[in-house]
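Undergrad: This is the structure, below, for whatever I ask next.
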Amino acid sequence: MGRSGKYLAFGAVAALIPAMVAATVLEKLRGADAARDWVYHSPWFMLLWGIAAAAGMALLFRRGISRQVFTTGLHLGFVCILAGALTTHLGSESGQLHLRKGEETTSYLSEDGTETPLGFGLRLERFTIEYYPGTRQPMDYRSEVTLLPEGISRTISMNRILKWNGYRFYQADYDADRRGSILAVSHDPWGVGITYAGYILLMVCMTGFFFQKGTAFREHGGQVRLPRRLQIGLFVAGAALLLGCAWLICRKWLFEPLLPVLRSPLLWIHVSCMIIAYTLFALVAFIGVAGLFRKEESARKQLQACSLVLLCPPVFLLTSGTFLGAVWANLSWGCYWTWDPKETWALITLLIYATALHGRSLAAFRRPGFFHAYCVLAFLSVLITYFGVNLLLGGLHAYADIGPLHTPILSWVVS
C-alpha cells in the first residue's frame with residue numbers, strides 16, 4: 001500500500017477534523033438534527049472513518065509495527081470502537097416508556113414515534129425522590145417496578161439501571177404529580193459489547209505502551225535534559241494550571257450537595273483524566289513556545305524530545321477520560337455518544353495531538369521547528385474544548401435528548 005496508504009489514512013483523519021468542526025458550528029446554527037443528518041450520520045462521514053481505519057491498519061502492518069503488540073493493540077482498539085459504533089447505529093433501538101402508578105405497560109414509544117412491543121410487561125409500584133437532609137436538593141430518583149408475568153420486583157434509579165431480556169431501562173423523567181415515571185429504553189444487543197471490548201483493549205495497550213521498546217517515549221525518555229530555570233518554570237506553570245482547574249471542579253464536590261447522577265466514581269475519574277491531560281498539553285505548548293524562540297538546532301531538538309515524552313501521557317489520559325465519560329453516560333442514560341459539541345471537540349483534540357505522535361510516518365513532525373509550532377497551535381483546540389464550546393457553541397454536554405430531568409445536571413457538567 002505504501003505511500004498511497006499513508007495519504008489515505010492521514011488524509012481521512014485530516015478531512016474528519018474540519019468536518020467535525022463544521023458540524024459543531026452547524027449544530028449551533030441549524031440544530032442537532034441538521035448536524036446529525038448532514039454530517040455525523042451521513043454516508044460520506046462514515047466512509048471517512050472506514051477509510052481512516054482500514055488504511056491505517058494496512059499501513060501499520062506493512063511497516064512491520066505489528067511486531068509491537070501494544071502499538072498494534074491501540075489501533076485495533078480504535079477500530080473495534082468504530083465497529084461497535086457502526087453496529088449500534090445500524091442495529092440498536094431506543095425510546096421512552098411512560099409508566100403510571102399501578103398501570104401495566106407492554107410497549108414503549110420508539111424514537112420514530114411508533115409503539116414497539118417489549119415482549120414482557122412493566123408495572124410501576126411507586127416513584128419517590130430522596131432529598132439531602134435539610135435541603136430540597138434531590139439525592140436520588142427511584143422507580144420501583146414489577147416485571148410481568150414473572151412478578152419480579154426491581155428498582156430503577158440514577159446510576160442503577162434495569163437490564164431485562166436484552167433491554168436496558170434508565171430513570172429519565174417523572175410526572176409533575178409524582179405518580180408517573182418516564183424511563184429511557186435501549187436495546188443494543190451487540191454494539192455496546194463490541195465498543196466496550198475496544199475500550200478494554202485500549203486501556204490495556206495504553207498501559208503496556210509505556211513498557212514497549214522502540215517507541216518515541218522510550219527512545220527520548222532517558223535523553224531529556226532541560227535547563228533548570230525551564231524545569232522550574234514548567235513545574236510552577238503546570239502546578240498552577242492543575243490546581244486552578246481542579247479547584248473549579250472540586251468546589252462543586254466539596255461545598256454543594258451532589259445531584260444524583262454525579263455520585264459516580266466514573267465521573268470523578270473522567271474529570272480528573274481530562275483536567276490532567278489539558279494541563280500537560282499546556283506544558284507542551286509552553287515548551288513549544290520556548291522551542292520556537294531557540295535559535296540553536298540542538299536546543300530545539302532537546303525541547304522536542306521533552307515534548308514527545310510529555311505528549312504520550314496526556315494523549316492517553318484524554319483517550320481514557322473521553323471513553324470513561326462515555327461509559328458513565330451509557331450507565332446513566334443508555335447512550336455513550338451523541339456528538340454533543342463538548343464530546344466532539346474532545347475527539348477533535350485527541351486526533352490533533354495523536355497525529356503529532358506519528359513522526360515516523362509524517363516527516364514534517366521530525367523537524368523541530370514544525371513540531372513546536374504545531375504543538376502551540378494544537379493547544380487552541382484544548383482552549384476551544386474547555387472554554388470555547390461553553391461560550392460559543394453551547395450544547396448540554398452529551399445527554400440532552402434524555403429529558404428535562406437532567407438539565408440542571410448538564411449545566412453543572414459544562415460549567
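Undergrad: The conditions are (1) closer than 26 Å to Ser107 by Cβ; (2) crowded, with 16+ Cβ neighbours inside 10 Å, and Pro138 fails exactly one of them. Which is it?
TA: In the conditions (1) closer than 26 Å to Ser107 by Cβ; (2) crowded, with 16+ Cβ neighbours inside 10 Å, Pro138 misses (1) alone.
Undergrad: Do any helices (runs of 4 or more DSSP H) lying entirely in segment 30-131 carry at least 3 residues that are outside the structural domain of Leu347 (by TED's automatic domain parsing) and of a type outside the set (A, V, I, L, M, F, W, C), and which ones are they? Full working, then the answer.
TA: Numbers: elements: 32-35, 43-62, 69-91.
Answer list for segment 30-131: 43-62, 69-91.
Undergrad: With respect to Cys306, determine if the residue is touching a strand residue (DSSP E or B) at 6+ places or on another chain (Cβ under 9 Å) and among the hydrophobic types (A, V, I, L, M, F, W, C).
TA: Working: touching a strand residue (DSSP E or B) at 6+ places or on another chain (Cβ under 9 Å): no; among the hydrophobic types (A, V, I, L, M, F, W, C): yes.
Considered against the rule, which asks whether it is touching a strand residue (DSSP E or B) at 6+ places or on another chain (Cβ under 9 Å) and among the hydrophobic types (A, V, I, L, M, F, W, C), Cys306 comes out as no.
Undergrad: So which residues in segment 132-149 are closer than 21 Å to Leu267 by Cα and outside any strand (DSSP E or B)? Spell out how you get there, then give the answer.
TA: Kept after step one, since they are closer than 21 Å to Leu267 by Cα, are these residues of segment 132-149: 132, 137-142.
Result: Tyr132, Gln137.
Undergrad: Take the residues in segment 150-209 that are assigned to a helix (DSSP H, G or I) and touching a Gly at 6+ places or on another chain (Cβ under 6 Å), then tell me which one is farthest from Thr128 (Cα to Cα). Step through it out loud before you land on a result.
TA: If we filter segment 150-209 for residues that are assigned to a helix (DSSP H, G or I), which is where we start, we get 191-209.
Subsequent filtering for residues that are touching a Gly at 6+ places or on another chain (Cβ under 6 Å) retains 191, 194-195, 198, 201-202, 205.
Working: Gly191: 33, Ile194: 35, Thr195: 34, Gly198: 37, Leu201: 40, Leu202: 39, Cys205: 44 Å.
My answer is Cys205.
Undergrad: Do the conditions hold for Phe371, that is, is it aromatic (Phe, Trp, Tyr), closer than 24 Å to Met57 by Cα and either over 15 Å from the mean Cα position of the chain (by Cα) or at pLDDT below 95 (or both)?
TA: Criteria not met by Phe371.
Undergrad: Note down all Cβ pairs under 7 Å where the first residue falls in segment 274-288 and is on the phi < 0 side of the Ramachandran plot, the second is of a type in the set (Phe, Trp, Tyr), and they're at least six residues apart or on different chains.
TA: That search, which allows pairs on different chains as well, returns Tyr278/Tyr386; Phe281/Tyr353; Phe281/Phe379; Ala282/Phe379; Ala285/Phe379.
Undergrad: Could you tell me how many of the residues in segment 160-201 are crowded, with 18+ Cβ neighbours inside 10 Å, over 14 Å from Tyr336 (Cβ atoms) and modelled with pLDDT under 90? Spell out the reasoning first.
TA: Taking segment 160-201 and keeping what is crowded, with 18+ Cβ neighbours inside 10 Å, we get 161-162, 167-172, 174, 181-188, 191-192, 194-196, 198-199, 201.
This time we only want the ones that are over 14 Å from Tyr336 (Cβ atoms), so: 162, 167, 169, 171-172, 174, 181-183, 185, 187, 201.
The next check asks that each one be modelled with pLDDT under 90; those that pass are 171-172.
Total meeting the criteria: 2.
Undergrad: Pick from segment 98-115 the residues that are surrounded by 16 or more Cβ atoms within 10 Å (Cβ to Cβ) and either among the polar types (S, T, N, Q) or touching a helix residue (DSSP H, G or I) at 6+ places or on another chain (Cβ under 9 Å) (or both): which of them is nearest to His187 (Cα to Cα)?
TA: In this case the residue turns out to be Ser107.
The values are calculated or read from the model by the stated rules, or taken from the named source; none is laboratory data. Treat the numbers as computed from the prediction; the structure is a model and nothing was measured. So basically every Cβ, Gly included, is an ideal-geometry build from the backbone, and we count neighbours across all protein chains shown.
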